[in-house]
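In what follows, a structure is listed as structure tokens, so that the remarks can point back to it.
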Amino acid sequence: MKKRIIQSQNFMNNMIETISDQDLLVTKTPILNEGSPEEKRVEILTYFRATWELDERLYDCLKGQEAFLHRADPLRHPLAFYFGHTATFYVNKLILAGIITERINPKYESMFAVGVDEMSWDDLNEKHYDWPTIQETKEYRVEAKKMIENLILELPLTIPINWESQFWVIVMGIEHQRIHIETSSVLIRQLPINLVQENSLFKICEEWGNAPENELKKVKSGKVSIGKSKEDALYGWDNEFGKYNSKVKSFHASKYLVSNQEFKTFVDDAGYKTEKWWTDEGWSWVQYKKCEYPLFWEKDCKTWKFRTMLDQIEMPWNWPAEVNYLEAKAFCNWKSAKTGKKLRMPTEAEYYLLRNSLKIEDQPEWEIAPGNINLEHYASSCPVDRFETNGFYDVIGNVWQWTEMPISGLDGFEIHPFYDDFSTPTFDAKHNLMKGGSWISTGNLAIRDSRYAFRRHFFQHAGFRYIESDVEVEIETDYYETDDLVSQYCEFQYGQEYFGVDNYSKACLSLLDRHLTGLSKGHALDLGCATGRTTLELARLFDKVTGLDFSARFIRIGTQLKETGKLNYIRQEEGKLASYQEVRLCDYDLDASRDKVTFYQADACNLKAIFTGYDLIFAGNLIDRLYDPLKFLQDISTRLNKNGILVLTSPYTWLEEFTEVDKWIGGYRKDGEPFTTLDGLKEILDENFELIDEPKDVPFVIRETARKYQHTIAQMTIWRKK
């Protein structure tokens, strides 16, 4: 085995010299259910190295540290974050999967972990970050790359690779990196032009002129099936798996994507100054941005210019208009009024009906990309009449195409345990699907089944085509939480009390109450806050409370309650029967808490340095779900002020799926005698804490359905920092 690895390593080291610019620009996502393990190992390493090199070359487009630190978009981190993020993602997911146990740089793997999609819980406060130099980040990336390459060579590999495989986590990291190659290119495009530089790898299209006249062409009705099975040959994100079948009525679709020239008629007709064309959300955005034309258009006196990723060029009127959903929707409303036709963007199913009717090959099957996609043709958009398939143009590629549909899970949707918040934070009726990919969509982004969604005001390399249809698209705006686990916790923290058992958060604080006398009540921390009930209850007592949880699936609920004061969720009753529940903080006398709480996503075993200076830390039912509880307990004293209080609750249900046995802090025999978790806590915390009360039992009930409940008894221990 060792000899094989050495031989493979030598072969791989020689092979890296052969990755040419052309190879970087035609790489395809690997087929995971065929071939020998040895061949697949080579293919995945090649795919990884090409992805890594493409990522590096993209950042070569930036001029120095200033470009890395400049905030291209005030709602997103500087590019310094994303340069580190793609490397730390591998490490954090490999740790979570138990494939590795040692970090490369804990500080970086916390700093670069969270904050990529302008979510409400993303910490974008620059005062909280001491970004490393670009050279320091590059040195970290070198270490990460070497570690990942060694894993690709050494991990057991069987075919097929599916989402239970260790190699699935490796491919997950690669496909994640390819997503950020695209999204970072959008941020680079928003930097001041003096902060970017030409790069021979990224050559733009040099064809432009007047746009062709658009027209509507019929698409026949038909059946559409969306989603794939776990046996699919290609890597997929969780939202791609499952099924949705639909009969789609015929419609007429625009032959071309809407060009800059076609969109200019809307601009010239005071489109950005006329409220009636815009949705309420869209008009609020226009008023906030004070914009009069698309983001990538630039006006120099009476001359229009166009911003590509690395250059400013003469306006290419026959390239697609690149706009957000709100702008596209306003255009459709305006054009409907002007033409007397019912025009809108397609639904996801209507997009697939058009694509399927044209029989366009999927990415791994084509020899040459049948559209401006996968970086195979240009590093920019190109004329809307350049790539034709049976009478329609740019059905895939050139720019992403907005749809009318917010993203949601398909029937049978399951969350991948190692990336549980890839999709679910976007299931909020605020993220609309885009289809077809852009010129820089590679890997999974470029396959037929990809399902990506962004906030409607978000900028991507995205445009649209319109359709004419009498079918009204109804969009649910009053979103109900459908994630089963999250809904159970909503009911646990805010729902009814069952079997005479008090609400858990209130019961814990009642037991804690007498120990708070004389305690400074400046800032409290709720670690493992789930959907935020304890965070909000603590805010009755403390000036400020921070809620942290590892999963954004939970954090978004607390954030929603903070922002709106209400929450809707679906409660399972029996089989396919469910009831619709509504929570309002005012009904719990918690409305005043909203201004005192803040929620962030964080890893309790690797917290950022900013999470410190607390008078009280509450860690509810947390320690037996951590991958390294000892590290957590050894670190937690540094987060508390002197004489501060640490509250731990847990039923001590140690499970190997969460914590490796050798990292349990109790629940086993030591020197032949039973060694409880309480024994372990006393041993670990004795140096920095004193136990100030006898342990107390706190029962709680989690409702699964109307006739199934979990009745558990946690133990509460209260510790004062010495």
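Read-outs throughout are calculated quantities, based only on the coordinates presented, and are distinct from any laboratory measurement. Note that the structure is predicted; figures quoted are calculated from it, not measured. Because the Cβ atoms are built from the backbone with ideal geometry, glycine has one as well, and the counts that use them run over all protein chains shown.
Below, the figures for the structure above:
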read-out: Karplus 3J(HN,Hα) series, Hz, for segment 364-370 with 6.51 cos²θ - 1.76 cosθ + 1.60 (x for Gly, Pro); value: x, 8, 7, 7, 10, 4, x
read-out: Separation between Cα centres of segment 398-459 and segment 476-537, rounded to whole Å; value: 32
read-out: SER225 paired with ASN210, simple spin-label distance in nm, labels 7 Å along Cα-to-beta-carbon; value: 4.7
read-out: Ratio of the Cα radius of gyration of segment 553-605 to 2.2 N^0.38 Å, where N counts its residues; value: 1.39
read-out: Packing-based exposure ordering (other Cβ within 10 Å, fewest first) of TYR580, TYR351, TYR480; value: TYR580, TYR480, TYR351
read-out: Total charge dipole magnitude, the chain, about the Cα centre, Cβ charges on Lys, Arg, Asp, Glu only, Debye to nearest 20; value: 1040
read-out: Residues whose placed amide H lies under 5 Å from that of HIS70, excluding near-sequence neighbours; value: LEU79
read-out: Per-pair calculated FRET efficiency, R0 = 30 Å: LYS338 and THR303 via Cβ, rounded to 0.05; value: 0.65
read-out: Highest to lowest packing among 313-324, 430-441, scored as the average C-beta count within 10 Å; value: 430-441, 313-324
read-out: Shape call, segment 653-722: gyration tensor on alpha carbons, a/c limit 1.5; value: oblate
read-out: Mean Cβ neighbour count within 10 Å, used as a protection proxy, ranking 603-609, 497-503 highest first; value: 603-609, 497-503
read-out: Zone of LEU358's modelled label, taken as backbone nitrogen in segment 198-220 under 14 Å from a point 7 Å along Cα→Cβ; value: 215-220
read-out: Euclidean distance between Cα centres, segment 312-371 to segment 596-630, Å; value: 45
read-out: Label-point separation, THR638 to ALA270 (7 Å along Cα→Cβ), nm; value: 6.1
read-out: Long-range amide H partners of SER259 with built H, under 5 Å; value: ALA321
read-out: Those Cys residues of the chain for which no other cysteine Cβ falls under 4.7 Å; value: CYS61, CYS291, CYS301, CYS332, CYS490, CYS508, CYS529, CYS586, CYS605
read-out: Sequence-separation-based contact order of segment 329-477, relative, with Cα cut under 8 Å and 6+ spacing, percent; value: 30
read-out: Segment 142-148 - phi-based ³J(HN,Hα) in whole Hz, Karplus 6.51/-1.76/1.60, Gly and Pro as x; value: 4, 5, 5, 4, 4, 4, 5
read-out: Helix 325-339 vs. the chain, principal-axis angle (Cα, 0 to 90°, nearest 10); value: 40
read-out: Long pairs among LYS243/LYS342; LYS28/LYS127; LYS243/LYS329, criterion Cα-Cα beyond 31 Å; value: LYS28/LYS127
read-out: Two-site FRET efficiency, GLN312 against ILE100, from Cβ-Cβ distance with R₀ of 35 Å, rounded to 0.05; value: 0.20
read-out: Computed Rg/Rh of segment 2-195, alpha carbon atoms with Kirkwood Rh; value: 0.97
read-out: Radius of gyration and Dmax over the Cα atoms of segment 216-468, both given in Å; value: 17.9, 57
read-out: Relative contact order of the chain, defined on C-alpha pairs under 8 angstrom at six or more residues apart (%); value: 11
read-out: Segment 306-404: C-alpha gyration tensor shape, a/c 1.5 cut-off, then a/b vs b/c; value: oblate
read-out: Relative compactness, segment 484-721, computed as alpha-carbon Rg over 2.2 N^0.38 Å; value: 1.00
read-out: Theoretical gain in end-to-end length, ASP587 to CYS291 [0.36 nm per residue, Cα-Cα removed]; value: 102.5 nm
read-out: Net charge of Cβ neighbours under 12 Å - reference ASP591; Lys, Arg +1; Asp, Glu -1; value: +3
read-out: Extension gain, LEU630 back to ARG514 (0.36 nm per residue minus Cα-Cα distance, nm); value: 38.9 nm
read-out: Projected label distance in nm at GLN135 and ILE570, using a 7 Å step from Cα toward the beta-carbon; value: 5.5
read-out: Segment 484-721: antiparallel DSSP beta bridges as a percent of all, rounded to 5; value: 60
read-out: Cut-off 11 Å, label 7 Å out along Cα→Cβ of THR705, residues of segment 554-573 by amide N; value: 572-573
read-out: Amide H partners (placed H, <5 Å) of GLY667, local residues excluded; value: PHE675, THR676, THR677
read-out: log₁₀ of I(q)/I(0) at q = 0.06, 0.11 Å⁻¹ - the chain, Debye sum with one point per alpha carbon; value: -0.39, -1.27
read-out: 3J(HN,Hα) from dihedral phi, segment 507-518, Karplus parametrisation 6.51/-1.76/1.60, rounded to Hz, x for glycine, proline; value: 5, 5, 5, 5, 5, 7, 3, 5, 8, 8, 4, x
read-out: Residues TYR580 and SER250, FRET efficiency given R0 of 41 Å [Cβ-Cβ distance, rounded to 0.05]; value: 0.75
read-out: Folded to 0 to 90 degrees: helix 79-96 orientation relative to the chain principal axis, Cα; value: 50
